[in-house]
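Report on the structure given below.
The values are calculated or read from the model by the stated rules, or taken from the named source; none is laboratory data. Predicted, not measured: the structure shown is a model, and the values here were computed from it. Cβ placement follows ideal geometry from the backbone for every residue including glycine, while neighbour counts extend to all protein chains displayed.
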Amino acid sequence: MASYGSETIPIKVQDRFYALVIYPEWARQGLLNVYKLFNATPLELPAGLDLGSVKERLAELEGKLVKAEREFREFLVKVSDRAYSIIDLSEAVTSIVRQYTDSAIPEGKEVGDKVSQMLSSMNEMRSRIRELEAVHAALEYMVKTGLELGGLSRLKSRVFVIRGINETAVRGLMYVRRDIEGTDLSILALIEPPSNLDKSTLGGEVYEISQDYLVNVKSAYELTGREFVDLRARLRDLEKEYEEFIKDFNEVSTYGIEGIDKVSGDVVTIAGYVKESLSEKFDDMLASLLTRLAVDAKVRKESKVAYVKEIDPEKAPTLEEYPKPVDAFKKITYMYGVPKYTEISPVPLTFLLFSVFYGWMYPDLGHGLILSLFGYSLYKSRYRGPNSFLRSIFGGKYSEWGLIFLMAGIWSMVFTFVESGTIFGIEVLPAPLRLVHVTRTNALEILTDSVYAVLALAIIVGIIVLLLSFAFKATNAYREGERDLAYGFYVPLFFFFLFLVLALAGANFVPFILIGEQTPLLEPLYGVFDAIKGLMIYWAYAAIAFLVILIASMMYFKAKYRGVPGFSLAQLAVEIGAETAIPSLTNTISFMRLGIIAIMHAVFTAMTYTWAASLGLLTPAGIAVLVIFNLLIILGEGFVAFVQSLRLHYYEMYSKFFSGTGVLFMPFTLGLRWVRLFIS
């Protein structure tokens, strides 16, 4: 540039840099050639440029740009519901097609090929098992008698185990023969057999023993034994799979396994689950759908709906329907797992206890009221405004959580009249178990009688909840068909836990009696406490007796279910030790957190009140302290109470009886502005 007598000034506009080039008129063509070399297109400013006009034009263009951006955003907000509806519809249709494609059961040749393949696999496995059985018996005989055939290795030899030797075929051959006692098998070692020997002529069933097995007979015996057991187990699994396939196919197939040869490859059966109460509506909907889709009349005539009489409980999906307040607590339960079809669902129990535990740990009328209002807003609000943050929270997505928070807030207000009597930390209401008191001099006083009473009651509630969990464990085993386990193991387990807790409580290891006797507020229970302590030795004897019953039951089930897949003696031992004996001490004490967090909440709210009172409740500083720190307590203590209530449910209750391995029944539901679709 300098060679053309020009001057370059860099200019930054927003995030981009521009070069302003000032040059004499004679250098214009040379500079244009330079620009072409670098593939650049300069913007040439006219000589008589009016800077004021440029600024006005720029401001006008910027205004139009801002207006266009605003109109575009408003347009997106207006059509967002429709756009989301179209996207949701396409995804739902894709999901429906995929679901029903996956659920389609082909009829005809494809099924016949699968059945033939399964039968062929089972027959091959049975043949291999029969061969292994014969070889294993021969090796066992060789181990017991010390028969050594490996020494024949200097000569060419072949060793067979034969069921029913053909005496004519072996005549003229040099061999060593041993008959295995108690069987129809014989060991035949041929020495220098002919090269063209057809072994099938030697007897009814002929199996050759590998030379590798003869090198170390004992190891080969152990190896074939393990392989034999493994193959037997695999055959049982394959036979069970085949039986279930035939049963399931016959239940849902239009033609059945016997009619697969009569069907072309264009016929399928779609299997699924429908609520029994909606079966008639489903029939009508299907007939209407086939008609409206203009399906061929022949197809409509041949199509039919068949309902099976019974559903395999292990395969059946779980569908739970409760009133809305109870139904919301499925959110909490399903985070842990879905109940199996045969399991007692913990959802009603969670509805009863989760909010109670929360309110126990969060006793303040003001805090409970705010939590209830927040929950009610989540439940009822359907915000559709431009604010994306508010739309994400109050748009209806978390309405079920709103019901949970509403219930938790209500129980917080209920426990205000039991444990605190406060509104935002200010004592204005009566409370028989008030935990913290603020004196006239703004000093905090921990009311130990109430603290001891709350802690003792928390442990007692924990014992009751754990007993209920063990009762559910026995009930679930009974409902799943394991009645011997229910009566022979889980019922004794319930009483073992009960008597062990009573024995430990009588010895003050489970400290609710020790704590309870230190407060006159629990004086009506003193007689019960004394009876438990006085009968401690009998509780111990009863616990030992049920422990003996449990050990005897373990030995019985070990013998009964030996080799049965899924049975584990170690699991029963863990349930006695880690899930009953240890929890009788640790898990019961764990429920003390109900009282401990309630005490923390009472102390924090009282401290906030005393600080605000010291500054003057009606002064700006006092009001600021009262508002800011109550908000912090609402958020912090509310979160802690929520997490601890979850913990008591998941680790102290659910883990005792709830597997959470069920499959949720998922009806197709699509409710949009333009489309209403429900397939249940």
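May I ask you to say which residue of Ala474, Ala456 is farther than 30 Å from Tyr609 by Cβ, crowded, with 18+ Cβ neighbours inside 10 Å and not hydroxyl-bearing (Ser, Thr, Tyr)?
Going through Ala474, Ala456 in turn, the sole match is Ala474.
If a residue has to be of a type in the set (A, V, I, L, M, F, W, C) and free of Cβ contacts under 8 Å to residues at least 60 places away in the same chain to count, how many in segment 605-650 make the cut?
17
If we keep just the residues of segment 511-528 that are β-branched (Val, Ile, Thr) and either under 23 Å from Leu500 (Cα atoms) or in contact with a strand residue (DSSP E or B) (Cβ under 8 Å, 6 or more places away or on another chain) (or both), which is surrounded by the fewest Cβ atoms within 10 Å (Cβ to Cβ)? Working first, answer last.
Initial filter on segment 511-528 (β-branched (Val, Ile, Thr)): 513, 515, 519, 528.
Then drop every residue that is not either under 23 Å from Leu500 (Cα atoms) or in contact with a strand residue (DSSP E or B) (Cβ under 8 Å, 6 or more places away or on another chain) (or both), which leaves 513, 515, 528.
Values: Ile513: 24, Ile515: 21, Val528: 13.
Result: Val528.
Tell me, which residue of segment 317-339 that is under 18 Å from Lys275 (Cβ atoms) and under 17 Å from the mean Cα position of the chain (by Cα) is surrounded by the most Cβ atoms within 10 Å (Cβ to Cβ)? Walk me through it before giving the result.
Of the residues in segment 317-339, the ones under 18 Å from Lys275 (Cβ atoms) are 317-323, 327, 330, 338-339.
Okay, now just the ones that are also under 17 Å from the mean Cα position of the chain (by Cα), so 317-320, 330, 338-339.
Numbers: Pro317: 15, Thr318: 16, Leu319: 13, Glu320: 17, Lys330: 21, Val338: 20, Pro339: 23.
Ranking the qualifying residues of segment 317-339, first place goes to Pro339.
Residues Arg82, Arg178, Arg98: which one is among the charged types (D, E, K, R), more than 25 Å from Val229 (Cα to Cα) and at pLDDT below 65?
Unique residue meeting the criteria: Arg98.
Any residue in segment 527-541 that's modelled with pLDDT of 80 or more: show its pairings with residues that are β-branched (Val, Ile, Thr) and part of a helix (DSSP H, G or I) at Cβ separation under 9 Å, as long as the two are six or more apart or on different chains.
Listed by first residue and then by second, the contacts come to Val528/Ile513; Phe529/Ile513; Asp530/Ile513; Ile532/Ile513; Lys533/Ile513; Trp539/Val501; Trp539/Ile532.
What residue, of Ile597, Ile582, is out of contact with any Cys (no Cβ under 7 Å at 6 or more places or on another chain) and at pLDDT 90 or above?
None of the others qualify; the one that does is Ile597.
Can you pull out the residues in segment 171-198 that are touching a residue at least 40 places away in the same chain (Cβ under 8 Å) and within 14 Å of Arg158 (Cβ to Cβ)?
Answer for segment 171-198, where residues must be touching a residue at least 40 places away in the same chain (Cβ under 8 Å) and within 14 Å of Arg158 (Cβ to Cβ): Ile187, Ala189.
Looking at segment 390-397, can you tell me whether even one residue there is touching a Phe, Trp or Tyr at 6+ places or on another chain (Cβ under 8 Å), at negative phi and of a type in the set (Ser, Thr, Tyr)?
no
Given the options Ala474, Ala458, name the one that is in contact (Cβ under 8 Å) with a residue 60 or more places away in the chain and assigned by TED's automatic domain parsing to the domain that holds His601.
When all the criteria are applied, what remains is Ala458.
Select the helices (runs of 4 or more DSSP H) contained entirely in segment 343-453, then report the ones holding at least 3 residues which are touching a residue at least 12 places away in the same chain (Cβ under 8 Å), assigned by TED's automatic domain parsing to the domain that holds Gly481 and within 19 Å of Phe329 (Cα to Cα).
347-361, 365-380, 399-415
Output the residue which, of all residues in segment 338-352 that are in contact with a Gly (Cβ under 7 Å, 6 or more places away or on another chain) and not β-branched (Val, Ile, Thr), is farthest from Lys656 (Cα to Cα).
That would be Tyr341.
Being surrounded by 10 or more Cβ atoms within 10 Å (Cβ to Cβ), at pLDDT below 70 and part of a loop (DSSP other than H, G, I, E, B) is the filter here, so list the residues in segment 1-44 that pass it.
Hits for segment 1-44 are Met1, Gly5, Ser6.
Inside segment 102-161, can you point out the residues that are at positive phi and modelled with pLDDT of 75 or more?
Within segment 102-161, Gly146 is the sole residue that qualifies.
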